[in-house]
Ligand SMILES: [Zn+2]
Ligand SMILES: [Zn+2]
């Protein structure tokens with residue numbers, strides 16, 4: 001079987017997370033985004049774990065609520081503020097791990113994504129002790145990505161580096177960034193939303209399609225390790241330019257710089273802010289020769305943008321949570337089942353009938369690669385522009401053009 005999975009989200013006990021981020025809401029919303037399986041996130045937090053336990057148990061490491069499967073996971077912030085993802089085989093593994101790290105953390109019950117004062121190697125050893133799997137979260141992002149602080153998996157995970165089987169690309173990168181780096185040839189790339197809100201624009205804005213025998217912890221881990229025919233068959237995510245750390249830029253005024261410009265300015269912006277190295281420049285820097293080498297096992301990467309963003313652009317709505325936009329989204333999902341179908345499969349004429357000419361043209365522009373992206377950087381998301389909807393943005397767009405503005409259909413596909 002093949003199914004869609006979002007393997008990195010946060011519950012309501014993480015900081016800056018929607019109060020509505022409950023297992024119940026997630027179970028309800030995930031199907032409408034076309035997801036069958038989610039990783040719980042935040043499983044070291046007792047109250048969140050209690051919500052997971054209240055769902056039906058499929059096996060020791062897999063739970064189900066209203067048709068959505070959940071596997072146990074957490075993100076932690078460790079030495080140098082680097083973020084790691086950990087997947088656990090059972091509740092008892094979660095509890096064992098929690099005990100082994102408890103004296104290195106002061107906020108296990110205060111933050112869904114706790115800080116643990118251990119380096120990558122020590123953390124990986126403790127994960128290994130309970131048969132959990134660990135790897136870097138959003139590996140290239142400034143401040144908290146592994147590659148922001150380390151030059152290699154070995155520098156971060158030491159003697160445990162060979163146990164790392166996956167790496168999360170993060171919203172500002174796609175597989176072509178990872179395949180610039182030789183040491184990642186054998187690693188499975190994850191594309192996850194890192195959502196802090198259960199609603200359409202955030203949840204599953206990135207996801208993985210997995211081929212396995214069942215939707216369980218064991219099967220997902222086998223797919224990560226590519227054992228016995230199990231594998232990731234597709235990575236789906238935002239165009240990396242839409243991510244908020246894609247280009248090198250100033251986090252204070254969001255002026256963008258090339259790497260050379262930033263170096264020449266000694267990383268000082270004209271506003272005197274400190275310029276942050278973008279994900280694109282960091283990935284290039286980590287490459288021996290700037291050549292993208294795609295290993296045979298690497299799945300295609302498809303770029304999508306949230307349907308809600310297309311709707312809002314098409315209808316000229318500025319806030320993602322206005323009633324009109326949500327109502328239109330709701331109508332399409334109720335009729336066609338889930339967002340992936342509407343974005344990629346449903347007949348344009350059927351969309352026109354239900355959501356109007358503007359939205360239908362927006363989806364068509366997305367499918368035919370006519371959507372333009374103004375790259376993000378310095379913590380500011382990139383912007384999606386539908387044709388003819390670029391009022392006020394043209395200037396910035398033309399300024400960035402020299403840097404190879406991209407269209408959505410520059411996907412990472414075989415031939
Ligand atoms: Zn993180
Ligand atoms: Zn600045």
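Exactly one condition in (1) part of a loop (DSSP other than H, G, I, E, B); (2) free of Cβ contacts under 8 Å to residues at least 40 places away in the same chain is not met by residue 293; state its number.
Here residue 293 clears every test but (2).
Taking the conditions exactly as written (surrounded by fewer than 20 Cβ atoms within 10 Å (Cβ to Cβ) and part of a helix (DSSP H, G or I)), does residue 222 satisfy them or not?
Judged against the criteria, residue 222 is a match.
Do you know which residues across segment 127-156 are more than 14 Å from residue 81 (Cα to Cα) and in contact with a strand residue (DSSP E or B) (Cβ under 9 Å, 6 or more places away or on another chain)?
Those that are more than 14 Å from residue 81 (Cα to Cα) and in contact with a strand residue (DSSP E or B) (Cβ under 9 Å, 6 or more places away or on another chain): 127, 128, 130, 131, 132, 133, 134, 135, 153.
Can you tell me which residue among 232, 254, 207, 217 is touching a strand residue (DSSP E or B) at 6+ places or on another chain (Cβ under 9 Å), within 16 Å of ligand 2 (Cβ to nearest atom) and modelled with pLDDT of 95 or more?
254
Filtering segment 307-325 down to residues that are free of Cβ contacts under 8 Å to residues at least 40 places away in the same chain and crowded, with 17+ Cβ neighbours inside 10 Å, which residue is nearest to the chain's Cα centre (by Cα)?
Here the answer is 312.
Here are 15, 32: which of them is within 26 Å of residue 237 (Cα to Cα), surrounded by fewer than 17 Cβ atoms within 10 Å (Cβ to Cβ) and out of contact with any strand residue (DSSP E or B) (no Cβ under 6 Å at 6 or more places or on another chain)?
Among 15, 32, only 15 is within 26 Å of residue 237 (Cα to Cα), surrounded by fewer than 17 Cβ atoms within 10 Å (Cβ to Cβ) and out of contact with any strand residue (DSSP E or B) (no Cβ under 6 Å at 6 or more places or on another chain).
Among the listed residues 139, 161, which satisfies the condition of being part of a helix (DSSP H, G or I) and more than 30 Å from residue 325 (Cα to Cα)?
161
Pairs only if they're at least six apart or on different chains, beta carbon under 7 angstrom, first in segment 129-147 and in contact (Cβ under 8 Å) with a residue 24 or more places away in the chain and closer than 16 Å to residue 194 by Cβ, second outside any loop (DSSP other than H, G, I, E, B) and within 16 Å of ligand 2 (Cβ to nearest atom); list them, first residue then second.
Close Cβ pairs (under 7 Å, with a partner that is outside any loop (DSSP other than H, G, I, E, B) and within 16 Å of ligand 2 (Cβ to nearest atom)) amount to 142/276.
If I ask for residues that are under 25 Å from residue 209 (Cα atoms) and surrounded by fewer than 23 Cβ atoms within 10 Å (Cβ to Cβ), which ones from segment 366-380 would you list?
Of everything in segment 366-380, those that are under 25 Å from residue 209 (Cα atoms) and surrounded by fewer than 23 Cβ atoms within 10 Å (Cβ to Cβ) turn out to be 367, 368, 369.
Out of segment 232-281, which residues are within 16 Å of ligand 1 (Cβ to nearest atom) and over 16 Å from the mean Cα position of the chain (by Cα)?
Result: 276, single match.
Going by the structure shown, is residue 198 assigned to a loop (DSSP other than H, G, I, E, B) and within 16 Å of ligand 2 (Cβ to nearest atom)?
no
Kindly indicate whether any position in segment 179-194 is surrounded by fewer than 24 Cβ atoms within 10 Å (Cβ to Cβ), within 15 Å of ligand 1 (Cβ to nearest atom) and under 23 Å from residue 21 (Cβ atoms).
yes
Mind listing whichever residues of segment 257-276 are assigned to a loop (DSSP other than H, G, I, E, B) and within 14 Å of ligand 2 (Cβ to nearest atom)?
Scanning segment 257-276 gives 257, 265, 266, 267, 269, 270, 271, 272, 273, 275.
So which strands (runs of 3 or more DSSP E) stay within segment 38-99 end to end and still have 2 or more residues that are more than 23 Å from residue 136 (Cβ to Cβ) and in contact with a helix residue (DSSP H, G or I) (Cβ under 8 Å, 6 or more places away or on another chain)?
Answer list for segment 38-99: 62-65.
Give me the residue from segment 64-83 that is under 18 Å from residue 121 (Cα atoms) and without any contact (Cβ under 8 Å) to a residue 60 or more places away in the chain and, out of that set, farthest from ligand 2 (Cβ to nearest atom).
This residue is 74.
Using beta carbons and a limit of 6 Å, which pairs, at least six apart or on different chains, have the first residue in segment 244-269 and closer than 12 Å to residue 375 by Cβ and the second one within 16 Å of ligand 1 (Cβ to nearest atom) and outside any loop (DSSP other than H, G, I, E, B)?
Close Cβ pairs satisfying both conditions: 245/279; 246/279.
The values are calculated or read from the model by the stated rules, or taken from the named source; none is laboratory data. Since we're looking at a predicted model, the values are computed, not measured. All Cβ positions, glycine included, derive from the backbone under ideal geometry; neighbour counts span all protein chains shown.
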